[in-house]
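Some notes on the structure that comes next.
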Amino acid sequence: MAHTEPPAPRSLRGFTGAGYDKGRPTAYQAAWYAASHLLFTKWWFPARWRPRLLRAFGARVGERVLIRRGVRIHWPWKLNVGDDVWIGEDAWILNLEPVTIGSDCCVSQGALLCTGSHLRRSATFEFDNRPVRLEPGSWVAARAVVLRGVTVGRGAVVGAGAVAHRDLAPGSVLAAASSATAASAPVEGVAS
């Protein structure tokens, strides 16, 4: 067994958030927070208006994008969505850093795209954030998680309940039961 040094005692009081840029002034953030909670996430807010609202707050959103109720997006100005994308009920895009969703992607119900993390050896638990990228034709299935710094390759699948903590090769499938490794599987309609 390898010898590892014990982590420094945790002192969250000293947390600075160094290196994290929210990207907009506080008033803009507050306006998004209000619009998100009063309109965007509500069941009665028309799906066809959700992309328009995101664009109004700086997101780049393609054509024919379907965003269901309950979807949470942390900062729209750090979101780039291609054409013909589906985002299912209760999906959460925690984009402290940019998230790019390519065309023809599906982010299913309850999925989490998380760009944030912390330096576990930092006594003050400072941020360790990195972007997330879904290449065209990829699918993040129900309740799956894509962690910071991960690229899900073209046509790849993060299976229901799986956790992607490393890049997935194009056309690969990551299943929850074997989430430590990605298996290669042919994907219909995706060139290898």
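The values are calculated or read from the model by the stated rules, or taken from the named source; none is laboratory data. None of these values were measured; they are calculated from a predicted model. Here Cβ is always computed from backbone atoms with ideal geometry, including for glycine, and neighbour counts include all displayed protein chains. Just the protein is used for accessible areas: all its heavy atoms, side chains included, with ligands, DNA and RNA removed. Shrake-Rupley method; radii C 1.70, N 1.55, O 1.52, S 1.80 Å.
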Which residues, taken from the stretch 145-167, are open to solvent by 10 Å² or more (accessible area, probe 1.4 Å) and not in a loop (DSSP other than H, G, I, E, B)? 145, 151, 157, 163
Quick one: in the stretch 18-43, of everything that is open to solvent by 80 Å² or more (accessible area, probe 1.4 Å) and in contact (Cβ under 8 Å) with a residue 12 or more places away in the chain, which residue is nearest to the chain's Cα centre (by Cα)? 22
Within the stretch 6-17, take every residue that is outside any loop (DSSP other than H, G, I, E, B) and over 21 Å from residue 115 (Cβ atoms) and give me the one that is least open to solvent (accessible area, probe 1.4 Å). 14
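Looking only at the stretch 100-131, count how many residues are over 20 Å from residue 89 (Cα atoms) and not acidic (Asp, Glu).
Going residue by residue through the stretch 100-131, those that are over 20 Å from residue 89 (Cα atoms) are 116-131.
Now restrict to residues that are not acidic (Asp, Glu): 116-125, 127, 129-131.
Within the stretch 100-131, residues that are over 20 Å from residue 89 (Cα atoms) and not acidic (Asp, Glu) number 14.
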Which is open to solvent by 30 Å² or more (accessible area, probe 1.4 Å), among the aliphatic types (A, V, I, L, M), in a loop (DSSP other than H, G, I, E, B) and modelled with pLDDT of 95 or more, of 180, 123, 142? 142
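Please count how many residues of the stretch 34-48 are polar (S, T, N, Q) and part of a helix (DSSP H, G or I).
Let us first name the residues in the stretch 34-48 that are polar (S, T, N, Q), namely 36, 41.
Those left that are additionally part of a helix (DSSP H, G or I): 36.
Summing the residues that are polar (S, T, N, Q) and part of a helix (DSSP H, G or I) in the stretch 34-48 gives 1.
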Scan the stretch 80-97 for residues that are closer than 17 Å to residue 28 by Cβ and within 9 Å of the chain's Cα centre (by Cα) and jot them down. 95
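Kindly indicate which of 86, 75 is closer than 19 Å to residue 133 by Cβ and out of contact with any strand residue (DSSP E or B) (no Cβ under 8 Å at 6 or more places or on another chain). Lay out the reasoning, then the answer.
On the way: 86 fails: out of contact with any strand residue (DSSP E or B) (no Cβ under 8 Å at 6 or more places or on another chain).
Of the residues listed, the single one that is closer than 19 Å to residue 133 by Cβ and out of contact with any strand residue (DSSP E or B) (no Cβ under 8 Å at 6 or more places or on another chain) is 75.
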Considering the stretch 58-102 alone, what residues qualify as being of a type in the set (A, V, I, L, M, F, W, C) and part of a loop (DSSP other than H, G, I, E, B)? 59, 65, 71, 75, 85, 91, 96
Could you figure out which of (1) surrounded by fewer than 22 Cβ atoms within 10 Å (Cβ to Cβ); (2) under 11 Å from the mean Cα position of the chain (by Cα); (3) in contact (Cβ under 8 Å) with a residue 24 or more places away in the chain isn't true of residue 109? (2)
